Amino acid sequence: PTLRNQIETFLSTVPNSRWVTYDPLSCSAILDAHQRTHGVRWLPRYRFDQAEVIVSVDADFLGTWISPVEFTKAYSQGRSLEGTPPRCSWHLQIESRLSVTGAKADVRWPAAPWELGLILTHLADRIAQKAGVTWRAGALEDVSLPTARLNELADRLWKAQGRSLVVCGVQDADIQSLVNFLNH
């Protein structure tokens, strides 16, 4: 309250001033996408412990993304060979730089930052075809990943319906909407 009072006092003395807050680790794109796709601005609870297939696109969920302590615990529970029955989720990390999460992934696909949304678009296109859903018109730009890789990933996600999780750390509501589509 004291800091807020000082800021408001300062702002009242300087004409045309405003208070701007910057969050370097923002989740606003996820919130905006959920507002768009679900009608509610909320941050989902990601259940890594229940996922059999995990696809993470530039989300360092074991290192810095949203709640790494919670996610690390859940991730390790989903990959426990000592449990009954033994479980080991499959994890693909698509990222522009090596992260803690990428180092732990079963498979890691390096990709340029500007390609991440396009990769998700290609993946969503393949899933939509499998579901018999028309969701966009027009041809897609080429992506640096081989078509066979994307097809294999789409097949793996399709076979694990209801038991897969796609997460993304890109701060773009359109890209996060694609993630919501894939998770749906």
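Here's a check for you: in the range 171-184, which residue that is in contact with a strand residue (DSSP E or B) (Cβ under 7 Å, 6 or more places away or on another chain) and within 20 Å of PHE48 (Cα to Cα) is surrounded by the fewest Cβ atoms within 10 Å (Cβ to Cβ)? Per the stated criteria, the residue is ASN183. Report yes if ARG41 is over 29 Å from ASP155 (Cβ atoms), part of a loop (DSSP other than H, G, I, E, B) and in contact with an Asp or Glu (Cβ under 9 Å, 6 or more places away or on another chain), otherwise no. Spelling it out, ARG41 is indeed over 29 Å from ASP155 (Cβ atoms), part of a loop (DSSP other than H, G, I, E, B) and in contact with an Asp or Glu (Cβ under 9 Å, 6 or more places away or on another chain). Residues that are assigned to a helix (DSSP H, G or I) and in contact (Cβ under 8 Å) with a residue 60 or more places away in the chain occur at least once in the range 161-173.
In the range 97-114 there is at least one residue matching the filter, namely being among the polar types (S, T, N, Q) and under 15 Å from the mean Cα position of the chain (by Cα).
Here ASP106 fits the description: of a type in the set (Asp, Glu) and at pLDDT 95 or above.
Somewhere in the range 20-37, is a residue of a type outside the set (Phe, Trp, Tyr), farther than 30 Å from ALA105 by Cα and at pLDDT below 95? So far as the range 20-37 goes, yes, one or more of its residues are of a type outside the set (Phe, Trp, Tyr), farther than 30 Å from ALA105 by Cα and at pLDDT below 95. Once the range 88-109 is narrowed to residues that are assigned to a loop (DSSP other than H, G, I, E, B) and more than 18 Å from GLU70 (Cβ to Cβ), the residue that is least open to solvent (accessible area, probe 1.4 Å) is ALA105. Taken over the range 140-160, the residue count meeting the criterion of being open to solvent by 30 Å² or more (accessible area, probe 1.4 Å) and touching a strand residue (DSSP E or B) at 6+ places or on another chain (Cβ under 6 Å) is 1. Among the conditions (1) in contact (Cβ under 8 Å) with a residue 24 or more places away in the chain; (2) surrounded by 14 or more Cβ atoms within 10 Å (Cβ to Cβ); (3) out of contact with any Phe, Trp or Tyr (no Cβ under 6 Å at 6 or more places or on another chain); (4) among the hydroxyl-bearing types (Ser, Thr, Tyr), the only one that TYR75 does not satisfy is (3). As for the range 118-139, it holds no residue that is assigned to a loop (DSSP other than H, G, I, E, B) and in contact with a strand residue (DSSP E or B) (Cβ under 8 Å, 6 or more places away or on another chain). Taking the criterion of being open to solvent by less than 100 Å² (accessible area, probe 1.4 Å), among the aliphatic types (A, V, I, L, M) and without any contact (Cβ under 8 Å) to a residue 60 or more places away in the chain, the residues of the range 21-48 that qualify are LEU31, VAL40, LEU43.
The values are calculated or read from the model by the stated rules, or taken from the named source; none is laboratory data. For clarity, every value in this text was computed on a predicted model and none was experimentally measured. Cβ atoms come from the backbone with ideal geometry, glycine included; neighbour counts cover every protein chain shown. SASA here: full protein model, heavy atoms, side chains in, ligands and nucleic acids out. Shrake-Rupley method; radii C 1.70, N 1.55, O 1.52, S 1.80 Å.
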